[in-house]
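Inspection log for the structure reproduced underneath, given as structure tokens.
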Amino acid sequence: MDTDQLLRTLAADNARHAPRVGAVLMLSLLVAAPLSILVFVTFLGMRPDVMTAIHNPFFDLKFAVTLSLAIPAIVVSLHLSRPEALMRGWGWLLLIPVGLLAVAIGGEMMMGPSMPMMTRLVGKNSRACLSSIPAMSLPLLAGALFGLRHGAPSHPALAGAIAGLLSAGLAATLYASHCTDDSPLFVATWYTLATALVSAIGALAGARVLRY
Amino acid sequence: MRSAMAGDDAAYHRLLKAVTPVLRAAARRGLARAGAPADQSEDIVQDILLAVHLKRHTWDSEAPFAPWLFAIARNKLIDALRRRGRRVFVNIDDFAEVLPGEAREETASANEVAAQLGTLPQRQRDVLQSIAVDAASIRDTAAKFSMSEGAVRVALHRGLAALTAKLRDK
């Protein structure tokens with residue numbers, strides 16, 4: 001086929017309008033979310049003392065941390081879905097949860113914690129945390145990758161890793177309401193490990209499925 | 001591009017025609033720099049044009065057009081070189097330095113799109129061939145195959161998307 005013929009064909013297909021990447025991403029996350037919620041209600045559920053825990057600032061802080069990961073990661077992944085997009089100038093958004101955690105760890109130190117440091121760090125739920133967050137992330141990650149396929153990221157592995165961050169952030173938000181370990185030290189250790197795992201899976205998958 | 005996105009098909013056709021020589025020159029230059037023969041350049045040009053077409057919704061109408069276009073071009077050139085198993089070194093200047101004036105006006109044929117066309121389902125192939133090769137309009141194509149115009153549009157779009165996927169995963 002010569003190129004003039006191809007041009008004519010493309011022009012004939014101009015009537016077809018694709019939705020924005022953001023709309024497709026939101027829709028596919030909404031489709032995937034019930035699966036993650038199903039995993040949550042089947043295997044985890046909210047912690048029984050959730051009504052009293054709400055008054056504990058360190059419990060509430062977990063949601064601030066996980067959402068401050070998920071929402072910027074959504075913004076960055078949409079940015080990266082444009083071919084000419086670079087990470088430069090956007091990476092700091094992903095440091096917001098890190099900053100929050102650092103402040104929280106400092107705050108807990110100053111308040112004179114009730115338990116020794118290692119007890120707070122290791123907690124009671126480290127294994128559950130490491131398995132539940134990735135398990136609840138996977139449907140969301142699949143949804144995020146499906147949505148981002150509609151875009152055109154020039155760095156598919158990076159875009160996949162960010163998709164991993166956003167799905168881990170959302171899954172960790174669910175998990176935070178189950179887990180009875182509220183110390184920022186626990187969150188900084190185990191949530192981070194679980195998130196890194198999901199992000200690595202996202203990068204590997206992204207390198208394959210996000211090429212355009 | 002703005003009027004093309006607003007539904008002006010003729011403006012879209014003009015835009016694609018105008019960028020093609022620029023892309024062709026850039027592809028040749030990129031191939032030469034990588035030490036690859038230039039005979040592949042038209043395949044790369046068609047690859048880029050397909051991606052531009054299918055991903056044009058990722059262009060932000062507030063943003064400049066050239067960086068978006070050249071990012072896609074660069075990506076496709078790297079893909080093509082990688083497929084040949086060569087060391088990839090693409091200089092962004094390959095694209096930035098090209099001036100529209102220095103390119104020759106011409107059309108050339110390429111093998112890859114034509115080869116993949118043969119692997120499409122019958123209906124998509126018929127529609128694509130009718131519009132591309134016979135220069136038939138959507139309406140004439142619909143009449144020729146006794147399809148509705150909507151069905152022709154769908155077959156056309158699916159055919160182009162399938163072609164692109166086949167070229168990418170080759």
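The values are calculated or read from the model by the stated rules, or taken from the named source; none is laboratory data. Nothing here was measured: the structure is a model prediction, and the numbers come from that model. FYI the Cβ positions are ideal-geometry reconstructions off the backbone, even for glycines, and counts take in every protein chain you see. The protein model used for the area step is the full one, side chains on, heavy atoms only, and it has no ligands, DNA or RNA in it. Shrake-Rupley method; radii C 1.70, N 1.55, O 1.52, S 1.80 Å.
A few comments on the model shown:
- Residue identified as part of a helix (DSSP H, G or I) and buried (at least 24 other Cβ atoms within 10 Å of the Cβ) among A:193, A:145, A:138: A:145
- Candidate set: region B:45-57, residues that are facing another protein chain (nearest Cβ under 7 Å) and open to solvent by less than 10 Å² (accessible area, probe 1.4 Å); chosen: the one nearest to the chain's Cα centre (by Cα): B:49
- Neighbours by Cβ (under 6 Å, 6+ apart or cross-chain): first from region B:31-57, touching a residue at least 24 places away in the same chain (Cβ under 8 Å) and over 16 Å from residue B:82 (Cβ atoms); second assigned to a loop (DSSP other than H, G, I, E, B) and open to solvent by less than 20 Å² (accessible area, probe 1.4 Å): B:42/B:110; B:46/B:110
- Neighbours by Cβ (under 9 Å, 6+ apart or cross-chain): first from region A:105-121, in contact (Cβ under 8 Å) with a residue 60 or more places away in the chain; second assigned to a helix (DSSP H, G or I) and open to solvent by 50 Å² or more (accessible area, probe 1.4 Å): A:107/A:57; A:117/A:109
- Members of region B:10-29 found to be in contact with a helix residue (DSSP H, G or I) (Cβ under 7 Å, 6 or more places away or on another chain), open to solvent by 60 Å² or more (accessible area, probe 1.4 Å) and under 18 Å from residue B:135 (Cα atoms), listed by number: B:17
- From the list A:162, A:201, A:105, the one residue that fits, being surrounded by fewer than 24 Cβ atoms within 10 Å (Cβ to Cβ) and either among the polar types (S, T, N, Q) or farther than 24 Å from residue A:60 by Cα (or both), is A:201.
Residues are listed down the side, and each one gets a yes or a no for (1) within 9 Å of chain A (Cβ to nearest Cβ); (2) of a type outside the set (Phe, Trp, Tyr); (3) exposed (fewer than 15 other Cβ atoms within 10 Å of the Cβ); (4) more than 17 Å from residue B:55 (Cα to Cα):
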position: B:146; (1), (2), (3), (4): no, yes, yes, yes
position: B:155; (1), (2), (3), (4): no, yes, no, yes
position: B:162; (1), (2), (3), (4): no, yes, no, no
position: B:167; (1), (2), (3), (4): no, yes, no, no
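- Filter result for residue A:12 (among the small types (Gly, Ala, Ser), within 14 Å of another protein chain (Cβ to nearest Cβ), surrounded by 13 or more Cβ atoms within 10 Å (Cβ to Cβ) and in contact with a helix residue (DSSP H, G or I) (Cβ under 8 Å, 6 or more places away or on another chain)): yes
- Residue in region A:127-135 that is under 18 Å from residue A:28 (Cα atoms) and either open to solvent by 40 Å² or more (accessible area, probe 1.4 Å) or in contact with a Phe, Trp or Tyr (Cβ under 7 Å, 6 or more places away or on another chain) (or both) present: yes
- Scoring residue A:81 on the criteria (1) without any contact (Cβ under 8 Å) to a residue 40 or more places away in the chain; (2) within 14 Å of chain B (Cβ to nearest Cβ); (3) of a type in the set (Ser, Thr, Tyr) leaves a single failure, condition (1).
- Hits in region B:29-78 - residues which are in a helix (DSSP H, G or I) and of a type in the set (D, E, K, R): B:29, B:33, B:39, B:42, B:43, B:47, B:56, B:74, B:76
- Qualifying residue in region B:58-65 (condition: of a type outside the set (Asp, Glu), within 8 Å of chain A (Cβ to nearest Cβ) and under 12 Å from the mean Cα position of the chain (by Cα)): no
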